Amino acid sequence: MSPVVKTTLLLMLSNTFMTFAWYGLLDKMSARPLILAILASWGIAFLEYVFMVPANRIGHQVLTVAQLKMLQEVISLSIFVPFAVLYLREPLNWNYLWAGLCILGAVFFMFRGR
């Protein structure tokens, strides 16, 4: 498996945990003390780092730091939009499309001439 594919898969796993750590507990922990919400998020975020650190190490072998970050942003939006719509029940609107197009433009400029 190529380093870029490994990096992408690890970043997808990492981002899934990150999204749950940051946003998944909003409703579930709203009535609990803040410290419990923080500790629960940290527990989930630990799993994020279990995948993020190797992803960055593997990815940095073949990508620049800027390219690695741009890949992360694309994956972040790709994970967040379905999560927001399906899990958080946020309405899908055109802003997601426009944000995605802006990020695709950034990807184009970051990866051209690679």
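Provide the descending list of Cα extents for the chain along its principal axes, expressed in whole angstroms.
51, 34, 21
Taking the Cα centre of the chain as the origin and placing charges on Cβ (Lys, Arg +1; Asp, Glu -1), which of Trp42, Leu26, Met1 is farthest toward the positive end of the dipole?
Highest projection toward the positive end goes to Met1.
Under 10 Å, Cα contacts only: if you run a Gaussian network model on the chain, which one of Ser41, Ser14, Ser30 comes out with the highest mean-square fluctuation?
Ser30
Karplus couplings for the range 77-92 from phi (6.51 cos²θ - 1.76 cosθ + 1.60, θ = phi - 60°), rounded to Hz, Gly and Pro as x?
5, 5, 7, 5, 4, x, 4, 4, 6, 7, 8, 8, 6, 6, x, 7
Which of the trypsin sites (Lys or Arg not before Pro) found in the range 21-100 are loop residues per DSSP with 13 or fewer other Cβ atoms within 10 Å of their Cβ?
Lys28, Arg89
Please compute the Kirkwood hydrodynamic radius over the range 1-40, one decimal place, Å, based on all pairs of different Cα atoms.
Hydrodynamic radius (Kirkwood, Cα pairs) of the range 1-40 is 11.6 Å.
To the nearest 20 debye, what charge dipole does the range 3-111 have about its Cα centre, counting +1 at the Cβ of each Lys and Arg and -1 at the Cβ of each Asp and Glu?
For this selection, approximately 160 debye.
So what's the back-of-envelope 222 nm ellipticity for the chain, counting only DSSP H runs of four-plus at -39500 (n - 2.57) apiece and dividing by all residues, rounded to 500?
Using -39500 (n - 2.57) per qualifying helix, the result is -24000 deg cm²/dmol.
Each value in this text was obtained by applying a stated rule to the coordinates, not by laboratory testing. Note that this is a predicted model, so its numbers are computed, not measured. Cβ: placed from backbone, ideal geometry, glycine included. Neighbour counts: every protein chain shown.
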